[in-house]
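For reference, the structure is listed below as C-alpha cells.
The values are calculated or read from the model by the stated rules, or taken from the named source; none is laboratory data. Not measured: the values here are computed from a predicted model. Every residue, glycine as well, gets a Cβ built from its backbone with ideal geometry; the counts of neighbours run over all protein chains shown. Each accessible area value is taken on the protein alone, full model and side chains, heavy atoms only, with ligands, DNA and RNA left out. Shrake-Rupley method; radii C 1.70, N 1.55, O 1.52, S 1.80 Å.
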Amino acid sequence: MAEQEKKQKGLGNLYKASSRAMTRREWRGFKDTFYDFGRWLKAYGFMAVKLGGHPILLIKAMLRYRWMISYLTAGNMIDRHTIGYRGKELRYIHEELYSLVRNATLNVRKIILMDKNLRPKSKKAAKLRSNCLMFDEMSPKNLMWGFPTLDWMDIAMMTIGMPGEVDQQANIYYIDRIEEFGMAADVCPLPAAECGCAVSDDFPILGTAYITSSMPCDGSIGQTTFMGRYMRKRNIPVYQITPPQRFNEPEVQKFAVENLKGAIKFIEDHYHVKWDWNAFWENAKKYNASTQAIIDKWDINCTDYPQVCGGALSLTREYEFQGAGCMDPFLHETQLRTTKMAVKGYEEDKKKGVKNYRHRAIVWACPAHYYTNFTYWADKTWGVKCLVDMECMLSYHMYHIGDEHQAMIDLAKSYERMMMRSHTNGGYTNSLDELWKMVKKFNADIVIMYDHVSCKNVGCLHGLYEDQAREHGVHMVWVPHDLMDPRTVSRVAMRDAFNKYMTNVFREEPLDPTFVDYEDPLTW
C-alpha cells in the first residue's frame, strides 16, 4: 500500500475552484502518461472523423440544442474517471469509457444527419426518419432485436441522460424550465429535466413513431404524459410499454407478454415490417454472451482480487443494455475483451498476493448522474474499492434460444428489470433483502448508500436499511445527492458526508490529504 500511496499524492491539486477543466494533465510516469494521452487523442480523433465531415450541420446542432455542447467535454469525463490510476486499472477504465464515447459519437452523427429540426426540407433525412423508431430513456431496446431492417434512437438518453453524466451543468436549465412551467421542485430531476427539455422543444425528431415506458416513480408518470403530448402534437403515434410493478409474481407475466406483443404489432403496423425470429435469436445470443461477461467480472470482484470496478464497470453495462440494447458490436466486443483482461489481471494479482484496498464496498440505490466518478474518488482518497453498483445489476437473466414462448417471457423480464426499476419495483425484497445477499456475495464491509433526496421509493425504507445494517454488522455510509441537479447537493457536500464517516467512525487517515477537500463547483 505504501507504494500506491506515494504515487497518488497531490491529486486534489489538479482541480481549481474557478476552472471548468483540470489545471493540467496528470503525470503517471512515462509509460502510463503516454498511454493515457494516446487514448485521450483516440477519443477526440474518432469524434473528429465521424462529425468533422458535417461541420455546418454540427454547428447548426450546437446552436439549436444546448445539450449538444456537453459532448465536447467527453475528454474531461474520461480524465475524471482515470485520475490517480496506473497500469491495468487505467487500461480497464479507458477501454470501457472509450466504447461509450464511440457509441455516443455515432448517435450524435445520426442526430445531425436525420433530425427534422435541423434538416426539415431534406428528402434524404426524411427517408431516414421514415425508417426510424424513437425510444424513451427508460425503455430497453430489446424489441428491436426482431426488426433488423429498422433504425432506432433513444432520444431522451442522448439529450438528458448521457449529457448529465458528462457535464454536471447540462440539465440545470431544463429543470428550471419545467419548474417555471409549474412542476413541483421535489420531483425527481431526471423526469423533470426530460419534461423541461420537452417544453423547451429541445428533443430531436428522428423517427415517425415513439415507444415509451412506465418508469419506476410518480415523477415519471408526469414525464410520460409530457412526452406523449409532445409527440402527438407532432403527429407522431405513441405506444406505452407498461411492465407490471409486482414482477416477481409469475401471474403477471401473461399481461407483460401481451403488452409487448402489442408493441410488436404497433411497430409492424406502422412501419409495414414483420417480426424476424432469426434476427431476434442472433441478438439474444449476443446479449447472453455480454451478460455472461459482466457476470464473470462480478464473480472476479467477489474474490480478494477485484479488477474492473467503479464507474467504468457500471456505466458500460448501463449504456450497453439500456442505451444500445446490446446491439452495438463495439460495446459487445469491449465487454468480452475487458473480461479477458480482468481474468488475466486477477491471476497476476492472486499470484503476487496484491490487495490494493482498505475496504470493500458496494453501491446501492440510485447514483448521482453529475458525479459518476465518486467511487473512484473514494478509492483514491480512502482506499474504498467499489466492487459493484446496484444500477448495473439489471436484466442479467439469460434468454432461452429457440423457445419462442419462453423468449417472450425473457423479453418481458428485461423490461421489468431495467435500470431504476429492477430494485425499486416489485416490493421491498428487491431492494432491501437483495442488498444483504449482495453484501454477503461480494464480502463487502461498506455499503455506499446513495440518498437521492427526491426519490420517495428508496426514502421510505431509510429506517429499515439502518436497522438491518446494524444487524448485519455492515457500515452504511449515506451519501446525499439530487441525481441530475448539483445545486441541491454539490459534489463537495457528497464528499464531505463520506469524509466525516471515514474520519469519525473508522478513525482513518486519507491516502491523499489534498484529495479530501477541494472545490469543483464549475468543473464539467
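Give me the orientation-averaged projected area of the Cα convex hull of segment 398-456, in nm², one decimal. Projected area, direction-averaged: 5.4 nm². Relative intensity of segment 380-421 on a log10 scale, I(q)/I(0) at q = 0.16, 0.25, 0.33 Å⁻¹, equals -0.53, -0.84, -1.08, per a Debye sum over C-alpha point scatterers of equal strength in the absence of solvent.
The H on the amide N of Ile241, modeled in the peptide plane, is under 5 Å from the matching H of Thr212, Ser213, Ser214, each at least 5 residues off or on a different chain. Relative to the longest principal axis of the Cα atoms of the chain, helix 172-181 runs at roughly 50 degrees. Both radii were evaluated on the Cα set of segment 125-175; the Rg over Rh quotient, with Rh as the Kirkwood radius, amounts to 1.09. Using the Kirkwood radius built from alpha carbon pairs, what does the Stokes-Einstein equation give as D for segment 228-287 at 10 °C and 1.306 mPa s, in µm² per second? Taking Rh from Cα pairs, D becomes 115 µm²/s.
Based on Cα coordinates alone, diagonalise the gyration tensor for segment 175-301, multiply each eigenvalue by 5, take square roots, and list the semi-axes in whole Å, largest first. Write out the running numbers ahead of the final one.
Working: eigenvalues 181, 99, 53 Å².
Output for segment 175-301: semi-axes of 30, 22, 16 Å.
Over segment 1-126, the pair-distance histogram of Cα-Cα distances with 10 Å bins from zero comes to 11, 36, 28, 16, 7, 2, 0 percent, rounded to whole numbers.
If the chain between His54 and His272 were fully stretched, how many nm would it gain, using 0.36 nm times the residue separation less the Cα-Cα distance?
Values: separation 218, 0.36 × 218 = 78.48 nm, distance 3.17 nm.
Between His54 and His272, full extension yields 75.3 nm more.
Using the average count of surrounding beta-carbon atoms within 10 Å as a protection proxy, the listed peptides 143-154, 374-385 rank, highest first, as 374-385, 143-154.
Residue ranges 304-315, 267-278, 180-191 sort as 304-315, 180-191, 267-278 when ordered by packing (mean number of other C-beta atoms within 10 Å per residue, highest first). In vacuo Debye scattering of segment 28-98, one point per C-alpha: log10 I(q)/I(0) at q = 0.15, 0.25, 0.28 Å⁻¹? Ignoring solvent entirely, the Cα scatterers give -0.57, -1.09, -1.26.
For Lys344, Lys352, give the ranking by accessible area with the largest first, probe 1.4 Å. Write out the running numbers ahead of the final one.
Details: Lys344 130, Lys352 155 Å².
Putting Lys344, Lys352 in descending order of accessible area: Lys352, Lys344.
Stokes-Einstein diffusion of segment 293-410 at 4 °C, 1.567 mPa s viscosity, Kirkwood radius from Cα pairs, rounded to a whole number: 84 µm²/s. Rounded to whole numbers, the Karplus 3J(HN,Hα) couplings from phi for segment 417-433 are 10, 7, 4, 6, 10, 4, 10, 9, 10, x, x, 5, 4, 6, 9, 6, 5 Hz, using 6.51 cos²θ - 1.76 cosθ + 1.60 with θ = phi - 60°, and x at Gly and Pro. Tally up the carbon and sulfur contribution to the accessible surface of the chain as a whole percent, 1.4 Å probe, everything protein left in place. The value for the chain is 56 percent carbon and sulfur by accessible area.
Within a Cβ distance under 14 Å of Glu391, other residues only, what is the Lys/Arg minus Asp/Glu net charge? Intermediate results must be reported in sequence, preceding the final value.
Values: positive: Arg317, Arg417, Arg421; negative: Glu137, Glu165, Glu318, Glu320, Asp389, Glu434.
Here the charged neighbours net out to -3.
If contacts are Cα pairs under 8 angstrom and at least 6 residues apart, what is the relative contact order of segment 255-364 in percent? All intermediate terms of the calculation are to be shown ahead of the outcome.
Numbers: 54 pairs, mean separation 30.2, N = 110.
Normalised by residue count, the contact order of segment 255-364 is 27 percent.
For Trp40, the solvent-accessible surface computed with a 1.4 Å probe is close to 70 Å², ligands and nucleic acids excluded. Taken over segment 12-66, the percentage of Cα pairs per 5 Å bin, counting from 0 up to the bin with the maximum distance, is 4, 15, 14, 15, 17, 17, 12, 6, 1. When the trypsin sites (Lys or Arg not before Pro) in segment 190-243 are filtered for DSSP coil states and for at most 13 other beta-carbon atoms within 10 Å of their beta-carbon, the remaining sites are Lys233, Arg234. A Stokes-Einstein calculation at 20 °C with viscosity 1.002 mPa s, built on the Kirkwood radius of segment 453-519 over Cα pairs, returns a diffusion coefficient of 156 µm²/s.
The Rg/Rh ratio for segment 80-181, using Cα coordinates for both the radius of gyration and the Kirkwood hydrodynamic radius, is 1.05. Compared with the dominant principal axis of the Cα atoms in the chain, helix 491-504 is inclined by about 40°.
Where the alpha-carbon atoms of the chain are placed on the principal axes, they occupy 65, 54, 47 Å, in descending order.
Compactness of segment 406-500 is given as radius of gyration and Dmax, 15.3, 50 Å, from Cα positions. Helix 277-301 axis versus longest C-alpha principal axis of the chain: approximately 10°, rounded to the nearest ten.
log10 I(q)/I(0), Debye, Cα-only segment 256-333, no solvent, q = 0.16, 0.20 Å⁻¹? Those come out to -0.74, -0.96, one per q.
Could you pull out the pairs from Lys380/Lys456; Lys124/Lys286; Lys127/Lys254; Lys297/Lys350; Lys88/Lys413; Lys285/Lys340 whose alpha carbons sit more than 26 Å apart here?
Numbers: Lys380/Lys456 32 Å; Lys124/Lys286 32 Å; Lys127/Lys254 37 Å; Lys297/Lys350 15 Å; Lys88/Lys413 35 Å; Lys285/Lys340 19 Å.
As for pairs spanning more than 26 Å Cα to Cα, those are Lys380/Lys456; Lys124/Lys286; Lys127/Lys254; Lys88/Lys413.
For Lys110, Lys340, Lys50, Lys261, the ranking by accessible surface with the largest value first comes to Lys340, Lys261, Lys50, Lys110, using a 1.4 Å probe. In terms of the Cα gyration tensor, with a ≥ b ≥ c the square roots of its eigenvalues, is segment 95-143 rounded because a/c is under 1.5, prolate because a/b exceeds b/c, or oblate? Here segment 95-143 falls in the oblate category. A protection proxy built from the mean count of other Cβ atoms within 10 Å ranks the segments 502-508, 447-453, 418-424, most packed first, as 418-424, 447-453, 502-508. Hey, how many Å between the Cα centroid of segment 308-334 and the Cα centroid of segment 117-136? Comparing the Cα centres of segment 308-334 and segment 117-136, I get a distance of 27 Å.
From the largest down, segment 161-232 spans 31, 25, 22 angstrom on the principal axes of its Cα atoms.
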